[in-house]
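Trainee: One structure coming up, written as structure tokens, with questions to follow.
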Amino acid sequence: MASLAEKRIADAEERSVDPQARPEELRLLEALLFASTEPLDQATLAKRMPDGVDIKVALAQLQADYALRGVNLVRVANKWTFRTAGDLSWLMTRESTETRRLSRAAIEMLAIIAYHQPVTRAEIEEIRGVITSKGTLDVLLETGWIRPRGRRKTPGRPLTFGTTEAFLSQFSLEALGDLPGLEELKGTGLLDSRLPSGFSVPAPSDDPTLRDDEDPLEIGDLELALAPAVEPESGGES
């Protein structure tokens, strides 16, 4: 009687000889996703599939196939990509890697932008209750987690900010709607359980379409956002 190892080898050889033993659409999806240098959305993948293929079913099946492997098929920012399995991520870590922690001010600002976008710097300061250092905003822009969206149709036409796909990827979110709500934040201790009556957490939206109160960005707006402040700001930041 053949051993289990011999049987597995025989099965593998059979699959290598007969590629049709595996559904063609799964092989096509594998090839597209492995060859791509960036995550691909469902619509892009569907265009490359043969007629009649249910792309949602095929992706779910491929994701299940890779669930226990060294690489997993994951969805980030509503796009699909292969990534090293979470329990093996330590293999990709170098001893020389230095982790830089965001300041409390930067974390607060990032949270406000994520939940309230599109939001201006002045609106961030109003929510936080303190003046925001421009350096803190620059740090978040340099990480690539936030970006200028447009300009508010108000006097001074301030820049509005929102999060990016890099933010979703960093925190392994499929969409902004996956951010924790009020009860989840209370449960983790990030919010005081004795909140004022009527307190609520906004439902975040990552719709890239400009709102009615936003104008499109102008040439040089990104450089302006990262430029040094002309005058020093008064007041402190906590």
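The values are calculated or read from the model by the stated rules, or taken from the named source; none is laboratory data. Computed from a predicted structure; not experimentally measured. Neighbour counts run over all protein chains shown; Cβ positions are idealised from the backbone, glycine included. To get the accessible areas, we keep the full protein, side chains included, count just its heavy atoms, and leave off ligands, DNA and RNA. Shrake-Rupley method; radii C 1.70, N 1.55, O 1.52, S 1.80 Å.
Trainee: Sort E214, E126, E30, E38 by accessible area with a 1.4 Å probe, largest first. Please report the intermediate quantities before stating the final value.
Mentor: Details: E214 10, E126 150, E30 35, E38 120 Å².
My answer, sorted largest first, is E126, E38, E30, E214.
Trainee: A further question follows. Identify the trypsin sites (Lys or Arg not before Pro) of region 26-119 meeting these criteria: DSSP loop state and at most 12 other C-beta atoms within 10 Å of the C-beta.
Mentor: Sites meeting the loop and neighbour criteria: R69, R94, R100, R101.
Trainee: In what order, largest first, do F34, F82, F167 sit by accessible area if the probe radius is 1.4 Å?
Mentor: So, going from the largest accessible area down, we get F34, F82, F167.
Trainee: Using the basic label-point model (7 angstrom from Cα toward the beta carbon), what is the A35 to K56 distance in nanometres?
Mentor: Each label point lies 7 Å from its Cα, and together they span 2.7 nm.
Trainee: Right, next: Compute the length gained on full extension between R48 and E125: take 0.36 nm times their separation in residues and subtract their Cα-Cα distance, giving the result in nm to one decimal. Display every interim value, and only then the final one.
Mentor: Details: separation 77, 0.36 × 77 = 27.72 nm, distance 4.70 nm.
Once the chain is fully extended between R48 and E125, it gains 23.0 nm.
Trainee: What's the FRET efficiency of L185 with D207 using the Cβ-Cβ distance as r and R₀ = 25 Å, to the nearest 0.05?
Mentor: 0.65
Trainee: Among residues other than F161 whose Cβ falls under 9 Å from its Cβ, what is the net charge (Lys/Arg +1, Asp/Glu -1)?
Mentor: Overall, the nearby charge balance is +3.
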